[in-house]
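These notes concern the structure reproduced below.
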Amino acid sequence: MDEILDKIAYALANLENSSNLRKFVSEALRTKIPVLEILEKGLRKGLNEVGRKYEAGEYFLCELLFGASMMEDAMKILAPRLKAEKLEKKGQIVLGTVRGDIHDIGKNIFKMFAEGTGFEVYDLGVDVDPENFVRMVMEKEPDVLGLSALLTTTTPEMKIVIEELEKAGIRGRVRVLLGGNAVTAEFGKEIAADAVALDAVQGVSFCREWLSK
């Protein structure tokens, strides 16, 4: 069992082609390895290594994106089994690109990594009105609200979202995570966000850290 799980982790960590990874995942299912074991000791272990290599400068954005897409392909195989088994979720994230901005590559990479790490993600898409963010926070009661912006002209929307959360009396219920090329740590402090992520890996690290407390 450990051998096939190691093969899964190795294939993902070293960005072997997706067909290899799918083959190993299917083999693990055929040998009756529990889905949770495949997910935790195979896929997530490999994805964590991709994140480590990215942070160490061994991988770049294209490798990070490829690793996330490999994870997504493997998860499609596991999806039918996941519905049959109740797997413990690490937390919930509401996510979206703010109003006026239609860029979503960084958001989508973060989403794939977050889901691969065990978070349940509600993706509102792009060009999201502040009211929709507030409504989803009230409805889903997530642990984290992720706001993305690539254009500097749309960063004021992040401040508006936080102000609307305050007005609704729910700001204290959720951590607000900012991301995107237009966002700086100074800006995050200025608008009282909980953190600013420089990339998807750091963003997921913040979420895991918050949930562990």
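We did not get these values from a lab; they are worked out from the coordinates using the rules stated. These numbers were taken from a predicted model, which means no experiment stands behind them. Using ideal geometry, Cβ is built from the backbone for each residue, glycine included, and neighbour counts are taken over all protein chains shown.
With the cut-off at 24 Å, tell me which of the pairs Lys76/Lys111; Lys32/Lys213; Lys53/Lys159; Lys53/Lys189 have Cα atoms farther apart than that.
Working: Lys76/Lys111 15 Å; Lys32/Lys213 34 Å; Lys53/Lys159 33 Å; Lys53/Lys189 28 Å.
Where the Cα-Cα span goes over 24 Å, the pairs concerned are Lys32/Lys213; Lys53/Lys159; Lys53/Lys189.
Report the relative contact order of the chain, percent, no decimals, based on alpha-carbon pairs under 8 angstrom and at least 6 residues apart. All intermediate terms of the calculation are to be shown ahead of the outcome.
Numbers: 332 pairs, mean separation 36.1, N = 213.
RCO, the chain: 17 percent.
Using the Kirkwood radius built from alpha carbon pairs, what does the Stokes-Einstein equation give as D for the stretch 91-212 at 4 °C and 1.567 mPa s, in µm² per second?
Working: Rh = 13.7 Å.
In µm²/s, the coefficient is 95.
Taking the mean number of other Cβ atoms within 10 Å as a proxy for protection, how do you rank 49-62, 96-109, 7-20 from highest to lowest?
Working: 49-62: 15.1, 96-109: 20.4, 7-20: 18.2.
Highest-to-lowest ranking by the protection proxy: 96-109, 7-20, 49-62.
Between Ala56 and Ala168, what FRET efficiency follows from the Cβ-Cβ distance if R0 is 30 Å, with the result rounded to 0.05? Let's see the in-between values first.
Details: r = 41 Å, r/R0 = 1.36.
Once rounded, the FRET efficiency stands at 0.15.
Could you tell me how many cubic angstrom of Cα convex hull volume the stretch 6-55 has per residue?
Values: hull volume 2.7 nm³, N = 50.
Cα-based convex hull of the stretch 6-55, divided per residue, equals 53 Å³.
Among Gln92, Ile8, His103, whose Cα lies farthest out toward the positive end of the dipole of the chain, if unit charges sit on the beta carbon of Lys, Arg (+1) and Asp, Glu (-1)?
Checking the options against the dipole of the chain, the answer is Ile8.
Considering Cα pairs under 8 angstrom that are at least six residues apart, work out the relative contact order of the stretch 2-84 and quote it in whole percent. Please list the in-between numbers first.
Values: 77 pairs, mean separation 32.7, N = 83.
Relative contact order for the stretch 2-84 comes out at 39 percent.
Bin all alpha-carbon pair distances of the chain at 5 Å intervals from 0 and give each bin's fraction as a whole percent.
1, 7, 16, 18, 18, 14, 11, 8, 4, 2, 0
Using the Kyte-Doolittle scale, find the helices of the chain whose mean hydropathy is at least 0.5 and whose Cα atoms extend 20 Å or more along the helix's long axis, counting only whole DSSP H runs.
Details: long enough: 61-84 (34 Å, 0.67).
Taking the DSSP H segments of the chain (at least 20 Å long, mean hydropathy at least 0.5), we get 61-84.
When you count, for each residue, the other Cβ atoms within 10 Å and take the mean per peptide, how do 26-35, 144-153, 160-169 rank with the highest first? Before the final figure, lay out each step's value.
On the way: 26-35: 14.4, 144-153: 22.6, 160-169: 16.4.
The densest-packed peptide leads the list: 144-153, 160-169, 26-35.
Run the helix sum for the chain: -39,500 (n - 2.57) per DSSP H stretch of 4+ residues, divided by residue count, reported at 222 nm to the nearest 500 deg cm²/dmol.
Numbers: 9 runs with 116 residues, N = 213.
After summing the helix terms and dividing by the residues of the chain, the value is -17000 deg cm²/dmol.
Treating the beta-carbon of each Lys and Arg as +1 and of each Asp and Glu as -1, no other charges, what is the dipole magnitude of the chain about its Cα centre, to the nearest 20 debye? Walk me through the numbers before you get to the answer.
Details: 29 positive and 35 negative charges, 134 e Å.
The calculation lands at about 640 debye.
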